[in-house]
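Contents: one structure, followed by commentary.
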Amino acid sequence: MVNKILGYAAKSPSAPLAPYQFEVRSLREDDVAIDILYCGVCHSDLHQARNDWNASIYPIVPGHEIIGHVTAVGNKVNKFKVGDLVGVGCMVDSCRHCSACQQGLEQYCEEGFTFTYNSHDRHDNRVTYGGYAQAILCAEDFVLHVPNNLAPEGVAPLLCAGITTWSPLRQWGVTKGSKVAIIGLGGLGHMALKFAHALGAEVTLFTRSIDKEADARRLGAHHVVLSTDKAQMDAVKNEFEVIIDTVPYSHDINPYLPTLMIDGTLVFVGLIGDVEPTINTSAMIFGRRAVAGSCIGGIAETQEMLDFCGKHNITADIELIDIKNINQAFERMIKSDVKYRFVIDMKTLSEN
């Protein structure tokens with residue numbers, strides 16, 4: 001692996017992503033070097049590139065849904081070999097010793113996990129760069145085996161959109177016969193439908209757009225409820241064990257709470273921020289219902305998800321793009337003009 005590689009970076013909140021050459025560290029003893037084949041485009045890439053969360057470090061090379069081949073390994077690596085098809089998701093390190101890390105819940109690291117990009121390396125304090133690039137180095141404990149029977153371009157979004165929805169389904173015990181609802185049909189929602197269906201649940205989609213019904217049923221929904229129709233909402237009161245809320249912007253969750261059964265839980269996976277309007281606790285108190293949140297998944301759980309996908313032949317629905325079209329893809333993503341995830345073909349980086 002060369003010490004200088006090419007990627008695409010934003011150099012300010014208002015600058016479009018453009019070619020950018022940067023240095024990478026030398027191979028450490030526990031490192032896996034990966035030539036990147038595909039990288040998914042997550043909505044958080046857009047937020048970070050435009051500093052919507054007021055934490056961006058420029059220049060910023062986004063990308064945390066990475067699929068590639070191993071090209072070299074450090075002398076203490078024993079989980080991977082040259083040629084392996086692997087993935088890297090949202091994190092590349094954690095403290096490894098706190099209570100969360102010891103439980104395999106690195107995403108809840110008490111010291112904060114190291115993000116794949118726009119973060120600081122725990123060892124040398126260098127800024128991390130992501131998957132909109134030719135290659136990446138990652139400690140082997142944060143690299144994932146990718147099933148060889150799956151189309152690798154369709155696997156890339158599993159490393160964020162996939163694990164973000166898989167983790168709460170597992171945490172809240174969804175299994176055969178469970179009654180599950182999904183709010184929203186986008187990058188996260190379409191994966192939640194696929195997973196819940198494959199786990200054997202009875203699956204309902206809540207949507208504000210009735211024209212999404214055919215696609216929802218194709219993806220695994222047994223029922224579709226128009227959330228703006230009071231009669232339809234009343235018909236599903238006390239129905240669901242768990243609701244996965246994938247909507248990324250503030251919205252009213254009060255109409256959904258009565259559709260939970262006793263001890264049911266609505267889990268936020270899309271919204272990071274304030275809930276508006278505020279939550280009326282009546283439905284919670286008088287139905288012993290809960291509102292919770294969930295963040296991606298640990299490495300072991302992510303590997304479990306990938307293995308499950310290999311067994312059930314599950315990948316994301318994607319649109320493959322050239323990297324030169326990434327700025328247009330960002331604009332389309334804002335308009336929800338994608339079904340359901342953009343993935344960059346990284347070989348196009350060397351063609352530009």
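Show me the ranking of peptides 191-198, 53-60 by mean Cβ neighbours inside 10 Å, starting with the highest.
In descending order of packing, they fall as 191-198, 53-60.
What pairs in LYS230/LYS339; LYS212/LYS335; LYS179/LYS339; LYS11/LYS324; LYS176/LYS311; LYS212/LYS339 have C-alpha atoms more than 21 Å from each other?
Those over the limit are LYS230/LYS339; LYS179/LYS339.
Of all the Cα-Cα pairs you can form in the range 1-59, what percent are over 18 Å apart?
I get 47 percent for the Cα pairs in the range 1-59 exceeding 18 Å.
Okay, helix-only estimate at 222 nm for the chain: each DSSP H run of n ≥ 4 adds -39500 (n - 2.57), divide by all residues, round to 500 deg cm²/dmol; what do you get?
Mean residue ellipticity, 222 nm, calculated: -6000 deg cm²/dmol.
Output ³J(HN,Hα) for the range 233-240: one whole-Hz value per residue in order, computed from phi by the Karplus curve 6.51 cos²θ - 1.76 cosθ + 1.60 with θ = phi - 60°, and x for Gly and Pro.
For the range 233-240, the Karplus-derived couplings read 5, 4, 6, 10, 4, 6, 9, 10 Hz, x marking Gly and Pro.
Given Cα positions, please report Rg to Rh for the range 229-307, the hydrodynamic radius being the Kirkwood one.
1.03
Students often forget the sequence filter, so: which aspartates and glutamates lie under 18 Å Cα-Cα from LYS79 once same-chain residues fewer than 8 apart are removed?
Output for LYS79: GLU29, ASP30, ASP31, ASP35, ASP93, GLU140, ASP141, GLU301, GLU304, ASP307.
Share of the range 6-67's accessible area from carbon and sulfur, percent, 1.4 Å?
Within the range 6-67, the accessible surface is 49 percent carbon and sulfur.
Please find the FRET efficiency linking PHE22 to LYS76, where r is the Cβ-Cβ separation and R0 is fixed at 22 Å, and quote it to the nearest 0.05.
Working from the Cβ atoms, E equals 0.25.
So for the range 165-284, what are the equivalent ellipsoid semi-axes in whole Å, largest first, each being the square root of 5 times an eigenvalue of the Cα gyration tensor?
Largest first, the range 165-284 gives 19, 16, 15 Å.
Tabulate in residue order the Karplus-calculated ³J(HN,Hα) for the range 172-183, using 6.51 cos²θ - 1.76 cosθ + 1.60 with θ = phi - 60°, rounded to whole Hz; enter x for Gly and Pro.
9, x, 5, 8, 4, x, 5, 9, 10, 10, 10, 9
Please list, ordered by chain and number, the residues whose modelled amide H lies under 5 Å from the amide H of PHE206; skip anything fewer than 5 residues away on the same chain.
Under 5 Å from the amide H of PHE206 lie the amide H atoms of ILE182, ILE183, GLY184, VAL225, each far enough along the sequence or on another chain.
Amide H to amide H, which residues 5 or more places from GLU319 or on other chains are under 5 Å from it, using H placed in the peptide plane?
Result for GLU319 returns TYR340, ARG341, PHE342, VAL343.
Once phi is turned into θ = phi - 60°, what whole-Hz ³J(HN,Hα) does the Karplus curve with 6.51, -1.76 and 1.60 give for every residue of the range 153-168, x standing for Gly and Pro?
Each residue's phi maps through the Karplus curve to give 5, x, 7, 3, x, 4, 6, 9, 4, x, 5, 4, 9, 4, 4, x Hz.
At a Förster radius of 30 Å, what calculated FRET efficiency corresponds to the Cβ-Cβ distance of TYR108 and THR228, to the nearest 0.05?
0.25
For HIS120 and ILE57, calculate 0.36 nm times their separation in residues minus their Cα-Cα distance, and state this gained length in nm to one decimal.
21.7 nm
Arranged from highest to lowest average of other beta-carbon atoms within 10 Å per residue, in what order do the peptides 67-73, 239-245, 144-150, 280-286 appear?
Top of the packing list down: 239-245, 67-73, 144-150, 280-286.
The values are calculated or read from the model by the stated rules, or taken from the named source; none is laboratory data. Note that this is a predicted model, so its numbers are computed, not measured. Note: ideal-geometry Cβ built from the backbone for every residue, glycine included; neighbour counts use all protein chains shown. Calculation scope for accessible area: heavy atoms of the full protein, side chains included, ligands and nucleic acids excluded. Shrake-Rupley method; radii C 1.70, N 1.55, O 1.52, S 1.80 Å.
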